[in-house]
Every structure is written in structure tokens, then in C-alpha cells.
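To start, the structure under review is shown below, and the notes come after it.
The values are calculated or read from the model by the stated rules, or taken from the named source; none is laboratory data. Source: prediction; values computed, not measured. Here the Cβ positions follow ideal geometry from the backbone for every residue, glycine too, while neighbour counts run over all protein chains shown. Just so you know, the surface numbers come from the protein's heavy atoms only, side chains and all, with ligands and any DNA or RNA stripped out. Shrake-Rupley method; radii C 1.70, N 1.55, O 1.52, S 1.80 Å.
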Amino acid sequence: MATRRTARETLAVSALRGVNWVSRVTRRGAGTVAGGRVGLKITPNLLAVLARDRSVIVVTGTNGKTTTTALCVAGWDGDVTTNSTGANMPAGHVAALASSQSRHVVLEVDEAWLPDVLEFVKPKVVVLLNLSRDQLDRANEVRQMSERWRSSLASLDGDRVVIANANDPLVVYAALDARNVRWCDVPTNWTLDAQSCPRCTLPLEHSSSGWRCTCGLAKPDDVTTSLNGELIVVGEHVALSLSIPGEYNRGNAAMAATALREMGVPLSQSIPRMQSVAGVAGRYTVRSWYGRQMRLLLAKNPAGFDALLSTVAVQPVDVWVAINANIADGRDPAWLYDVDFEALKGHVVWCLGERRLDLATRLDYAGVHYRIVDDLSTLPATTEPVELLANYTAFQEWMSRSVPC
Ligand SMILES: [Zn+2]
């Protein structure tokens with residue numbers, strides 16, 4: 001039976017909706033975060049109030065959470081509440097939850113906020129994709145993050161399910177004490193942030209079959225889901241052919257399908273719906289700009305960039321890369337040296353963005369041909385879409401200056 005709200009809780013929800021309505025009519029943006037902040041000020045417990053009596057999937061990790069959230073929403077079908085604007089902290093969550101009555105909810109959660117969100121929202125399913133260093137100014141937090149996730153996940157009730165990536169040692173360590181885990185053996189190309197054991201700090205041994213430490217911490221072998229070419233979930237073989245590119249996105253879809261299965265959605269229904277997703281908030285879509293066509297790809301950190309580089313086709317030869325170093329990107333672009341740009345040998349890379357010279361220097365060391373673009377009008381005309389890889393604010397700039405094809 002639904003629990004009645006107190007007068008204060010009702011006031012908080014009304015205030016949140018009021019602020020967001022004012023933001024919209026005065027064209028100051030969707031106002032989701034502004035309204036959420038006001039609501040949380042009135043009732044810090046608002047997240048718990050709004051999530052009560054609803055079936056919630058929470059998705060977190062350093063890379064792929066926006067795409068995986070979108071895949072969960074698509075795969076569930078029908079009316080699903082989600083924070084699709086990417087406002088992935090509590091103010092964004094309460095705004096999303098207040099904007100819809102749907103009982104099905106998928107929330108993308110910033111990895112640093114997972115323990116806070118789990119305290120208030122009691123999700124049926126928690127999806128842990130991966131943990132790697134994001135921006136350089138936030139480095140070293142990744143082990144601490146795994147430790148914080150661990151104590152939070154250990155306190156989940158036994159009827160809550162954790163869907164966790166078995167190939168990421170930091171995720172495995174975090175989920176180890178959770179009572180109900182479904183391990184997923186999905187492609188994970190980035191292990192540089194887990195060279196030493198999260199439990200005892202000794203070096204980890206990586207092999208083609210997995211990873212292990214002398215202390216006994218190892219890749220779990222009781223996997224629920226595996227994706228080694230073919231997708232298998234609890235013994236069921238499923239054909240998976242996504243519209244969005246990349247082996248990492250197939251891994252995201254495998255974990256989303258495993259999460260939805262826990263919600264009672266059979267794979268025969270969720271997978272076909274996920275396959276129809278062609279773009280996520282502009283990512284992977286072909287856009288046009290003054291007669292040039294480009295496929296926009298977003299990557300914010302070394303792990304994300306490496307995953308994207310593995311999808312760059314041999315043709316066309318030209319690849320555009322745009323790098324900024326604003327606050328949202330991380331001010332220090334030295335992370336470019338952790339990206340495997342050597343993978344672009346054979347291409348010509350057009351260096352864009354405020355930090356195009358840092359990028360060019362990195363490409364020079366990598367032995368990759370490059371051109372520095374000081375004036376965008378000198379970019380060549382394209383007969384077929386080029387790949388445009390951009391970090392956060394550079395991606396936003398290209399989204400706003402281009403139009404869908
Ligand atoms: Zn160890």
C-alpha cells in the first residue's frame with residue numbers, strides 16, 4: 001500500500017515543480033537541478049519519499065552509464081521515469097522522480113554519489129559498470145571509491161540485486177560483500193587503474209581468462225551473463241545486434257538486459273527494443289555542419305577514449321578529435337598521454353578544440369599524422385561522415401553548432 005506523504009514532503013514536491021515550471025517558462029533551461037535543490041532543502045529525505053513504492057534500477061560506473069541507462073529505459077518499454085538530461089546527482093534524481101508518476105524508474109547515478117543514493121532510494125537492482133580514473137585532477141580517488149561502494153553495497157537487503165562487471169577488479173572488490181550479485185563477464189579493455197589488488201595492493205595477474213591475486217581475490221567464475229562473441233544470460237543464448245557501435249556498448253546492453261531480467265522483463269522483449277536505440281543524447285548520431293557530416297562520439301577519460309578508438313573504422317582516413325580543458329573536462333589535459341592514440345596510425349587526425357596543441361603534441365609522440373585546425377572553416381568537405389571524438393565541453397560545442405542529418 002502506498003505511504004501517505006507528510007505536509008512538509010508535499011510542500012517540497014510542490015516547490016520543486018514550481019521552480020522547474022518557472023525555469024521553463026522563463027526559458028532558463030529545464031530547471032531540473034534548480035527545482036531539485038529547492039525540494040531537497042525543504043526535505044532532505046525527498047529522494048526517499050519520491051522513490052517509495054516504485055521499482056528502481058540504478059546505473060553507475062565511470063563510463064557508459066548514460067548509454068546503459070538509455071538501454072534500460074528502451075528495453076523496459078512503456079512509461080519509464082528517468083533522469084535523461086544527465087543530471088545524475090540527487091537534485092536531478094528528485095526532479096526526474098517528481099516529473100512522472102511511472103512506477104518503473106531507471107536512474108543514472110554519478111559514481112561518487114552512489115552511497116548517498118542507495119541510502120535513500122532502495123533500488124531493486126544496482127548496475128555497476130566499471131571504475132576508472134575520470135579526470136586527472138580527480139585521480140587516486142578510484143580505490144577510495146571502490147571502498148566506499150563496498151561498505152554501502154554490503155548493507156543492501158538480500159532482496160536487492162547487484163549486477164556487476166566481473167572483469168573489473170575494482171568493481172568486483174566493491175560488490176564482494178553484497179548479498180545478491182549477478183556477475184557479468186563483459187568486454188572490458190581498461191585495466192590500467194587496477195594493476196594492483198584492491199584488497200591487498202599486491203600486483204594483479206592478468207591473463208586472457210581473467211585476473212587474480214595471490215591473496216585469493218580473482219575474477220568470479222560463477223557468472224550469470226557472458227559476452228564472448230555470443231551473449232549468454234543464465235544459459236539462454238541470445239542474438240545481439242545493436243544499432244550503436246562498439247564492443248563496449250554490447251557489454252552495456254548485456255548488463256542492461258541482465259538488470260531488466262531481474263525486473264521480470266524477458267530477454268526476448270528487452271533485446272529487440274534495445275537494438276532499436278540509434279543514438280543517446282546526440283552520441284553516435286550523424287550530424288551536419290556546413291556541408292560536412294560527422295558522427296559525434298563522446299569520451300571523457302582515458303578508458304572512454306580507448307573504447308571509442310577501438311571502433312574507428314579504417315575508412316575514412318580523416319578523424320576529427322576535439323579536446324577542451326574546462327572545469328567540466330578537468331583542467332589538466334595530461335590524461336591524453338594515457339590514451340592509446342597509437343591506434344590511429346594510418347589516419348590523419350584533425351586537431352580541434354582549445355587544447356588542440358596538447359593533442360597534436362601527444363599525436364606527434366604517437367607517430368600519428370595530424371593537422372592543427374586554428375580556423376574551423378579550413379576543415380575539409382566530407383563525402384561520407386567522419387568520426388568526431390570529443391571530450392565533454394567540446395562535444396557540447398559540436399552538438400550546438402551542428403544539426404541532425
Ligand atoms: Zn590481493
Project the alpha carbons of region 346-405 onto their principal axes and report the range along each, largest first, in whole Å. 35, 26, 18
Using only Cα atoms, locate the centre of region 273-349 and the centre of region 153-185, then give the distance between them in Å, rounded to an integer. 30 Å
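Please calculate how many Å² of accessible area region 93-241 carries per residue, with a 1.4 Å probe and no DNA, RNA or ligand atoms counted. If you can, show how the numbers build up before the last one.
On the way: 6420 Å² over 149 residues.
With the other protein chains kept in place, region 93-241 gives 43 Å² per residue.
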Indicate the gyration tensor shape class of region 208-334 (rounded, prolate or oblate), computed on the Cα atoms with a ≥ b ≥ c the square roots of the eigenvalues: a/c under 1.5 is rounded; otherwise a/b larger than b/c is prolate and the rest oblate. oblate
Violating pairs (Cα-Cα greater than 25 angstrom) within the set Lys65/Lys345; Lys122/Lys219; Lys300/Lys345: Lys65/Lys345; Lys122/Lys219
Rounded to the nearest 5, the percent of antiparallel DSSP beta bridges in the chain equals 30 percent
Mean Cα-pair separation over length for the chain, i.e. relative contact order, pairs under 8 Å, 6 or more apart, %: 13 percent
Whole-Å semi-axes of region 191-239's equivalent ellipsoid, largest first, each the root of 5 times a Cα gyration tensor eigenvalue? 27, 11, 8
Per-residue accessible area for Asp318 at 1.4 Å probe radius, Å² rounded to 10? 40 Å²
How big is D for region 93-223, in µm² s⁻¹ as a whole number, if Stokes-Einstein is applied with the Kirkwood radius of its Cα pairs at 25 °C and 0.890 mPa s? 157 µm²/s
Out of the trypsin sites (Lys or Arg not before Pro) in region 252-344, which ones are loop residues according to DSSP with at most 16 other C-beta atoms within 10 Å? Arg331
Could you tell me the accessible area of Arg355 in Å² (1.4 Å probe, neighbours in place), rounded to the nearest ten? 70 Å²
Which percent of the accessible area of the chain is formed by carbon and sulfur heavy atoms (probe 1.4 angstrom)? 50 percent
The answer for the chain, counting only DSSP H helices whose Cα atoms cover 18 angstrom or more along the axis and whose Kyte-Doolittle average is 1.6 or greater, is none
Just reorder Ser377, Ser288, Ser132 by solvent-accessible area, largest first, 1.4 Å probe, all chains present. Ser377, Ser288, Ser132
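What FRET efficiency do you get for Thr383 and Ser241 if R0 is 25 Å and r is their Cβ-Cβ distance, rounded to the nearest 0.05?
Computed FRET efficiency for Thr383 and Ser241 comes out at 0.40.
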Using just the helices of the chain, give the 222 nm mean residue ellipticity in deg cm²/dmol: DSSP H runs with n ≥ 4 each add -39,500 (n - 2.57), and the total is spread over all residues, rounded to 500. -10500 deg cm²/dmol
Counting other Cβ atoms within 10 Å of each Cβ, which trypsin sites (Lys or Arg not before Pro) in region 62-143 have at most 13 and sit in a DSSP loop? Arg103
Ranked by accessible surface with a 1.4 Å probe, highest first, in what order do Tyr284, Tyr365 come? Tyr365, Tyr284
Protein-only accessible surface order, largest first, of His104, His93, His237, His369 at 1.4 Å: His369, His237, His104, His93
Once you measure Cβ to Cβ distances between cysteines in the chain, which Cys have no partner under 4.7 Å? Cys72, Cys184, Cys351, Cys405
Base-10 log of normalised Debye intensity for the chain (one unit scatterer per alpha-carbon) at q = 0.06, 0.09, 0.12, 0.14 Å⁻¹: -0.25, -0.56, -1.01, -1.33
Three-way shape call for region 30-142 based on the alpha-carbon gyration tensor, with the a/c threshold at 1.5: oblate
Tell me the relative contact order for region 278-357 as a rounded percent, counting alpha carbon contacts under 8 Å between residues six or more apart. 29 percent
